[in-house]
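Worksheet for the structure shown next.
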Amino acid sequence: MALSELEMARVRKALDAFLEKHRPPPHIRPKLDLNYRISGQSVEIFEIRPVWRGQPGEKLEHGVAKATFVRTTAIWRVFWLRRDLKWHSYPPAPAVGSVDAFVALVSADTHACFFG
């Protein structure tokens, strides 16, 4: 089941504020940028870079952080992308109570799991 319209508005507001704070300056964005996607009950923050040996204009997306809303418990499960390119639960805080808490956790990145 997808997020409700109200939940979707909260998620967009929190993630837009995150992007406004963390996106690189406009002149760097063709080489490195941040964005997010909402799919079902999951939110993913990812980096966008040009493919090193690809065609001009070809882009590569690399996951930074992911959160999935569990409606039955009203929590957001937090994940980070390990070097095996699989999403793993984030051990210091495997779940948070809101999307704002998720964004704060990614922003702080105290264990250097999200942005290295």
At what distance in nm do the modelled label points of ASP100 and LEU6 sit from each other, each positioned 7 Å from its Cα along Cα→Cβ? 1.5
Step by step: find N for the chain, compute 2.2 N^0.38 Å, then divide the Cα radius of gyration by it. What's the final number? 1.09
Using DSSP to call loops (not H, G, I, E or B), can you name the GluC sites (Glu not before Pro) in the stretch 30-116 whose Cβ has at most 13 other Cβ atoms within 10 angstrom? GLU58
Taking only C-alpha pairs under 8 Å that are 6+ residues apart, what is the relative contact order of the chain in percent? 18
With the other protein chains left in place, how much accessible area per residue, in square angstrom, belongs to the stretch 34-116 at a 1.4 angstrom probe? 59
List the extent of the Cα atoms of the stretch 26-70 along each of their three principal axes, largest first, rounded to whole Å. 40, 22, 13
Show that you can apply the helix-only estimate: for the chain, add -39,500 (n - 2.57) for every DSSP H stretch of four or more residues, divide by all residues, and state [θ] at 222 nm to the nearest 500. -8000 deg cm²/dmol
I'd like the carbon and sulfur percentage of the solvent accessible area for the stretch 17-116, probe radius 1.4 Å, heavy atoms only, ligands and nucleic acids excluded. 54
Under 10 Å, Cα contacts only: if you run a Gaussian network model on the chain, which one of GLY97, GLY57, GLY40 comes out with the highest mean-square fluctuation? GLY57
Collect residues whose amide H, placed 1.01 Å from N in the peptide plane, falls under 5 Å from the amide H of ILE75; neighbours closer than 5 in sequence don't count. VAL70
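The values are calculated or read from the model by the stated rules, or taken from the named source; none is laboratory data. All of these numbers come straight from a predicted model, not from anything done at the bench. Here Cβ is always computed from backbone atoms with ideal geometry, including for glycine, and neighbour counts include all displayed protein chains. These accessible areas exclude ligands, DNA and RNA; they are computed on the full protein's heavy atoms, side chains included. Shrake-Rupley method; radii C 1.70, N 1.55, O 1.52, S 1.80 Å.
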